[in-house]
Amino acid sequence: MNITASDVENQQLTATVTIPAADVDAAIKQAYRDCAKKYRFPGFRPGKAPRPVIDNMLGKGFAHAQATNDVIAANEAAVLNELDIVPVSDPHYQDDLDMVKDHEDYVYKVDFKLRPSAELSSYDAVSIEMPPAEVTESEIDAQIEMLLGYQARFEDVEDRGIEQDDFVTLAIKDVKNAEDLASESRYVMVGSGSVPEAVDEGIRGMKKDETKEISWTPEGDDTEEKTVEVTVTSLKTRVVPELTDELAKDAFGFDDIAAMRDAVKIEIDQDKKAQLPGLKENRAVAALAERLELEEVDADYAETVFKELGQTFLQNIAARGMNLDQWLQANRITSEQFIADLHHQADDVARESLALDALARHLEIEVTEEDVDKEFENAGVEDAEASKASFIAEGRMPAVRDSIRRSKACDWLVENAQVTEVDQTAKTDEAPEGDAE
């Protein structure tokens, strides 16, 4: 087989494939054998009908048409491997393909649509923010505060109105167009977003047993004003206990506060060692994707990524003994919300992949056979050679090389990233300038 390829233009590559006459003859011969076995020819045993009889019964050219399809299908994977491409849609063959002929080379053309080849606005190292590599006191404080939250109690409030983070029970009556909110007893954490913003804001300052009418118009076209009558039936605040040596021992099993802080520090340190490398990679790749000079991801490529993400997700939940309907119900989201979110993820992943492709081209990254062998050895399969042979036979080796190129580009990106350590827990505790006045 001989292949020549055109330059890529508008994501399109045209390959001209030449199949040697010997392979063509073998395909034609096999096609006649298959016809002889598949169909019944009076006077001949199965598989024994000669070519003239087959041509007379099935039509001259029937077997050659089958041989043409077989030749093209048999070489499709080899074409992809030879060109080292990963099309984003099915190949397009000429509508007026000639049929194979005995003792002649067969030449045909096929068009492939490739993913877009975008550039980056800059190929310099990215700058990212990361949590400190070492455990900070504020991180320990934040973890302990979370643990203390499990020991919190709720106390009735009688002497003030509703404030942020209070827990209230509301009796909500539908006055106009608010049937979905109506409830005799609706439990709400103020500021959590569990009720419309207008209601959340409207109840602030209200006291227990107070009643108030609240109206608002939702955002969007052709929306109507809504009105509810709200009565506060209970008002509670969450009280977190103060950490003492006694509480550290009784509630958490430590000798004292110091021992508890030491244990929390060890746990945070272990989490950091496990999670920070992946977080650094994710942030570096996301920062690189922001430089991608591409307004919109090609629809076919985005759909390809969408299907890959969907298939991976379904495999993951199946491994946990769940199907999609069960997962949706457990997470309380609709199929429409799930699909919309998956499309959004696919767009992000597509942009990140294209950005890594651009960086790999800029760095002139090459993939060696040693790299490929190592990829299969590290895949954890029982027979790496058999797995590799399967990928070659299915035309999936270009995807493997793509993955290796992106991994190498990602390694360079992470290694050269300019990191600024930012302790978000400390930033949360710091008061903005001017607040102390």
Completion exercise
Given pairs K113/K408; K38/K307; K273/K388 and cut-off 29 Å on Cα-Cα distance, the over-length ones are K38/K307; K273/K388
Completion exercise
When the chain is treated as a Gaussian network with springs between alpha carbons less than 10 Å apart, the largest mean-square fluctuation among D70, D300, D325 is found at D325
Problem - Dipole of the stretch 132-260, positive end: most advanced residue of T231, I214, L147 [Cβ charges, Cα centre] - result: T231
Completion exercise
Log10 I(q)/I(0) at q = 0.12 Å⁻¹ for the chain, from Debye over equal alpha-carbon scatterers, is -1.26
Problem - HN-Hα J in Hz across the stretch 253-260 - Karplus 6.51, -1.76, 1.60, θ = phi - 60°, x for Gly and Pro - result: x, 9, 5, 7, 4, 4, 5, 5
Handout entry: 3J(HN,Hα) from dihedral phi, the stretch 54-66, Karplus parametrisation 6.51/-1.76/1.60, rounded to Hz, x for glycine, proline
Key = 4, 4, 5, 7, 9, x, 5, x, 4, 5, 5, 5, 5
Handout entry: Residue-by-residue Karplus 3J(HN,Hα) for the stretch 269-279, coefficients 6.51, -1.76, 1.60, Hz, glycine and proline x
Key = 4, 5, 4, 4, 4, 7, 9, 4, x, x, 5
Exercise for the section: Would you look at the GNM of the chain, springs on alpha carbons closer than 10 Å, and say which of A286, A330, A379 moves the most? Expected result: A330
Fill in the blank from the handout: Any residue on another chain or 5+ positions along whose placed amide H is under 5 Å from the amide H of V100 is listed here as T68
Exercise for the section: List the residues whose amide H sits under 5 Å from the amide H of K226, counting only those 5 or more places along or on another chain, with H placed 1.01 Å from N in the peptide plane. Expected result: W216, T217
Practice task
Please work out the Cα center distance from the stretch 138-201 to the stretch 207-243, rounded to the nearest Å.
Solution key: 9 Å
Practice task
Could you size up the charge dipole of the chain around its Cα centre, putting +1 on the beta carbon of Lys and Arg and -1 on that of Asp and Glu, and report it in debye to the nearest 20?
Solution key: 3120 debye
Practice task
Could you look at the chain and say what percent of its accessible area is carbon and sulfur, using a 1.4 Å probe and all protein chains?
Solution key: 46 percent
Handout entry: Protection proxy ranking, peptides 276-285, 238-247, average beta carbon neighbours within 10 Å, highest first
Key = 276-285, 238-247
Handout entry: For the chain, with +1 on Lys and Arg beta carbons and -1 on Asp and Glu, the positive-most of G253, S185, W327 along the dipole
Key = W327
Completion exercise
For K226, counting only lysines whose alpha-carbon sits under 25 Å away and dropping same-chain residues fewer than eight positions off, the answer is K173, K176, K207, K208, K212
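Per residue, how large is the accessible surface of the stretch 72-205? Use a 1.4 angstrom probe and give square angstrom.
Ligands and nucleic acids excluded, the result is 56 Å² per residue.
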Exercise for the section: Go through L170, A263, F306 and say which Cα lies farthest out towards the positive end of the charge dipole of the chain; charges sit on Cβ, +1 for Lys and Arg, -1 for Asp and Glu. Expected result: F306
Exercise for the section: Over the chain, calculate the relative contact order: mean separation of alpha carbon pairs under 8 Å at least 6 apart, over the residue count, as a percent. Expected result: 19 percent
Exercise for the section: Only Cα pairs under 8 Å and at least 6 apart count here; give the relative contact order of the stretch 149-293 as a rounded whole percent. Expected result: 26 percent
Fill in the blank from the handout: Percent relative contact order for the stretch 1-83, counting Cα pairs under 8 Å at least six residues apart, stands at 26 percent
Exercise for the section: Heavy atoms only, probe 1.4 angstrom, no DNA, RNA or ligands counted: give me F112, F167, F62 ranked by accessible area, highest first. Expected result: F62, F167, F112
Completion exercise
Note: N177 to A65 extended length (0.36 nm per residue) minus current alpha-carbon separation gives 33.7 nm
Fill in the blank from the handout: Between D300 and D222, the FRET efficiency computed from the C-beta separation at R0 = 51 Å comes out, to the nearest 0.05, as 0.90
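The values are calculated or read from the model by the stated rules, or taken from the named source; none is laboratory data. Because the structure is predicted, anything quoted here is derived from the model rather than measured. Positions of Cβ are backbone-derived with ideal geometry, glycine not excepted, and every protein chain shown enters the neighbour counts. The protein model used for the area step is the full one, side chains on, heavy atoms only, and it has no ligands, DNA or RNA in it. Shrake-Rupley method; radii C 1.70, N 1.55, O 1.52, S 1.80 Å.
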